[in-house]
1. Would you say C:R238 is modelled with pLDDT of 90 or more and away from every other protein chain (no Cβ under 14 Å)?
2. List pairs: first residue in the range C:249-275 and surrounded by fewer than 19 Cβ atoms within 10 Å (Cβ to Cβ), second residue among the polar types (S, T, N, Q) anywhere in the structure, Cβ distance under 8 angstrom, at least six positions apart or on different chains.
3. Looking at B:R96, is it within 18 Å of the chain's Cα centre (by Cα) and at pLDDT 90 or above?
4. Six or more apart or on different chains, Cβ under 6 Å: which pairs go from a residue in the range C:30-53 that's in a helix (DSSP H, G or I) to one that's of a type in the set (A, V, I, L, M, F, W, C)? Could you list them?
5. Which one is modelled with the highest pLDDT among residues in the range A:137-179 that are within 9 Å of another protein chain (Cβ to nearest Cβ) and open to solvent by 20 Å² or more (accessible area, probe 1.4 Å)?
6. Any residue in the range C:179-186 that is surrounded by 17 or more Cβ atoms within 10 Å (Cβ to Cβ) and polar (S, T, N, Q)?
7. Quick test of your reading of the structure: A:S51 fulfils all but one of (1) in contact (Cβ under 8 Å) with a residue 24 or more places away in the chain; (2) part of a strand (DSSP E or B). Name the failing condition by number.
8. So is A:L83 in contact with a Leu (Cβ under 9 Å, 6 or more places away or on another chain) and open to solvent by 20 Å² or more (accessible area, probe 1.4 Å) or not?
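The values are calculated or read from the model by the stated rules, or taken from the named source; none is laboratory data. For clarity, every value in this text was computed on a predicted model and none was experimentally measured. Quick reminder, even Gly has a Cβ in these numbers, built from the backbone with ideal geometry, and neighbours come from all protein chains shown. Ligands, DNA and RNA are excluded from the accessible area calculation, which covers all protein heavy atoms including side chains. Shrake-Rupley method; radii C 1.70, N 1.55, O 1.52, S 1.80 Å.
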Amino acid sequence: MAGSEIALEVEGLVKHYAIRGAAARGAVVRAVDGVSLRIVAGETLALVGESGSGKSTVGRMILGLTPPTAGTVRLFGQRIDDLDHRRMRALRRDLQLVFQDPYASLNPRMRVVDIVGEPLANFGLVPAAERRDHVTEILRRVGLGPEHLDRLPHEFSGGQRQRLGIARAIASRPRVVVCDEPVSALDVSVQAQVINLLLDLQAEFGLAYLFIAHDLAVVEHVSHRTAVMYLGALVEVAPTRDLFAAPRHPYTQALLASVPVPDPTVPRRPPIEGELPSAVDPPSGCRFHTRCPLAEPRCRTVAPPLRVVAPGHEAACHLA
Amino acid sequence: MSGSPPPALEVADLAVDLRSGGRTIRAVDGMSLTLDAGETLAIVGESGCGKSVTALAILRLLPQRIATMRASRLRLGGEDLVGLSEEEMRRLRGNRISMVFQEPMTSLNPVLSVGRQIIETIRTHRGLDRAAATAEALDLLRLVRIPDGERRLGQYPFEMSGGMRQRVMIAMAVACRPAVLLADEPTTALDVTVQAQILDLLQDLQRRIGTAMVLITHDLGVVAQSARRVVVMYAGRKVEEAPVGRLFADPRHPYTLGLLASMPRLGSSAAHGPRGRLREMSGSVPVMDGRIEGCPFAARCAHALDLCRRSAPEPVEIAPDHRVACWRAQERLEMAHGRV
Amino acid sequence: MVEWLAALRRLARESPTLAVGGGTLLLIAALGLVAPWIAPHDPLAIAPTNSLEPASATHLLGTDQLGRDLFSRILVGTRISILVGAAVAALATIGGLAIGLLAGFVRVLDGPLMRVMDGVMSIPGVLFAIALMAVFRASVETVVIALAIVEIPRVVRLVRSVVLTLRELPFVEGAIVSGATTFGIVRRHILPNTLAPLIVQATYIAASAIIIEAALSFLGAGTPPEVPSWGNIMASGRAFFLIAPMLVLMPGVVLTLTVLAINLVGDGLRDRLDPKLRAALK
């Protein structure tokens, strides 16, 4: 279970993209607008939201794949968002990534032994002569066998490829792993296998996960705490059990109510109206007020900050 | 002949072979289904189970170069589709039977305005003049709850959100008030709040224009909330068919059991605390090159008998409208491994 | 040996274009290579008494106006054409690869490099070669350099677009996360995936270089007239076309055959090296 050491800390992370083209002079997409998160060693924090919420961009900024416009990222207390290439590379040993797409994330021309062995070689962890044995051991850990060592990615099923992606991510024995929609491309019967594998690996290696996902049922299963994003900002952060049992933010409530329940005796709940507003010109005040059934006049003018509404439970709503 | 009206759609013993390179894959095998007027039938299964191929085969949209199909019966509202010419099929499609696809971006022509695409559809099938077709298009947009129709007609697909594009696709699909609508994963590419809106819309449309719908999906939640009856497919075959209430209350095929048991559900953290392991179905979907001996699920089934590996079970009716293709359908099997 | 034959037979069945094109091209290249030893006559030896002889046992394709053996001249000319094609393709590919990688990876260089390439691309190849020829002396090397320079932008564009596409792909980001250096990413992830389209492009460059070299020689602005290149043979035979059409037709036929063979190889490689197409063929 989670210790108390802070593995990953994100403060005021912002990402604005300038829109190209003469017609859009000066316009920016506010993909992420001030996100702060904290993950304790060994903990899973889920980051949920719909497409356009900015959740994946947060993950990319943490990994240094997208430079943040503002804000800081700290890994075990060390600031990493301003590191140069060389020092960031050395640090990646501790900070790994599991991709959504198990097809596109593996080089189609490389054999398994080279794919999973790549971090071992790059970080200089295992001498070339021992690499094969080492990779065999990692493969065993994710449920694959030595017979898979010399195969190419296209010879595997989607679930097995995701196991390969996980094997590559844990090869360097990282302490923090960002999982970006790790099961959403998989079939239901395979999803469970991969989720269980992630849980087992966390227990064995004490990994901290940032679990980025849109599937709330999956998130409820895997995470200790859950953070909900809407239009580039956090609207609610709470221990998973509290968030799912008693969501405080109207958006979280709407999100949960929209998930189709696999039980025909449960009547369908009416959906919330409207669509995600543009991130170029987000609504004033509370960003959710345009779709919120409870919106009051002040919601249109005053942006509610994230505040504590119950122990460990924060929500950004005037009415929460 | 009884006095009751014929079913909206009737398919019996549909088989589809797909050729790829030198191999032939039996993508659909012995598929039968009946869709009553106005009802919603869900076909549920994982990728590659043949659920989409079934829909494309019914509409005869599979390229003949790679696909061969046959069926002992294929009827739309009592009319036989088997002997129809390509031209006759083309007139039926989008008219009395139409389809909504998963990806609304690729199904719309990116360089034509949405209005032009809707209006052309209406004009081809209903022979209206431009003014009447435009008025009809505006009505359709209202029907699929797209506000500000005049402006929307002038927009291009890329200017719309995924949800709006899917509404446009649905508007085009129901333009001729079809008797049957095949919806292939219509909400899979959409966010959950938009998915809820679209499912709501589809149900509302059905009520208003009396269309019967085949809803193809992998999501059992969508099935539970939208369908009256369910067909579960695995490896090209129908493994179970039941009214939706029965399927969720008393699933009999081990694959259905496994699907229901392995899917994560909301409310799990309150019931068991967070971070419980999920039940797993072992293995993965078989690759269907060459014929599978016996039951296609036997290799992954914890209850498989020798018989299952030798001979494929046919669907048998174990209760009214509840058919199961399993040698052990009469027993109440449990998922082999429980929650850890 | 048996395995080799089996592999060849499989190749012929799976990609007939590649097999036919490759076979023809290999034959032509081999003939060109050994031309000086197998040519029945000295291609440069003048024998005015034998001028414009018809085909015979001694002169397989007859002789030209100076009595030189046409067959021997075409055979030796093969060397020049193949050499020009191969050299231009190699130079343009290597140069284009280097510049393309720079443009794709170094953001500040991208704009300037691509504008220069746009400039080079707007120069007509034949005119540029003629200009270079006027400044330097006419030689095979000058032709090769001129054509390579003109072809480089096409390769640069290809490489840059492949690099920009690959860079965004999850497996390249996966390599970054796995601690790969930029050099490592280029070597293990970018180059192997660039090679296939690059080789295909190289074949088309070779084909077009052979044609342009022949055209330049025909115009008298390419390889020096004493060198028996196909273009030169055609140029010198032009005046006698009505009396001895072979002088123009035969080099033309061989030229066409060579270019066709190279293009077949290019098309065959394109189909074979595309992993998606290859999977579909299996």
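1. Numbers: modelled with pLDDT of 90 or more: no; away from every other protein chain (no Cβ under 14 Å): yes.
Answer is no for this residue.
2. From residues that are surrounded by fewer than 19 Cβ atoms within 10 Å (Cβ to Cβ), the pairs are C:L257/C:T24; C:L260/C:T24; C:N263/C:T203; C:D267/C:T17; C:D271/C:S15; C:D271/C:T17; C:R272/C:S15.
3. Numbers: within 18 Å of the chain's Cα centre (by Cα): yes; at pLDDT 90 or above: yes.
Against the criterion (within 18 Å of the chain's Cα centre (by Cα) and at pLDDT 90 or above), B:R96 qualifies.
4. C:G32/C:I82; C:A35/C:L75; C:A35/C:V76
5. A:Q160
6. no
7. Condition (2) is where A:S51 drops out.
8. On the way: in contact with a Leu (Cβ under 9 Å, 6 or more places away or on another chain): yes; open to solvent by 20 Å² or more (accessible area, probe 1.4 Å): yes.
Against the criterion (in contact with a Leu (Cβ under 9 Å, 6 or more places away or on another chain) and open to solvent by 20 Å² or more (accessible area, probe 1.4 Å)), A:L83 qualifies.
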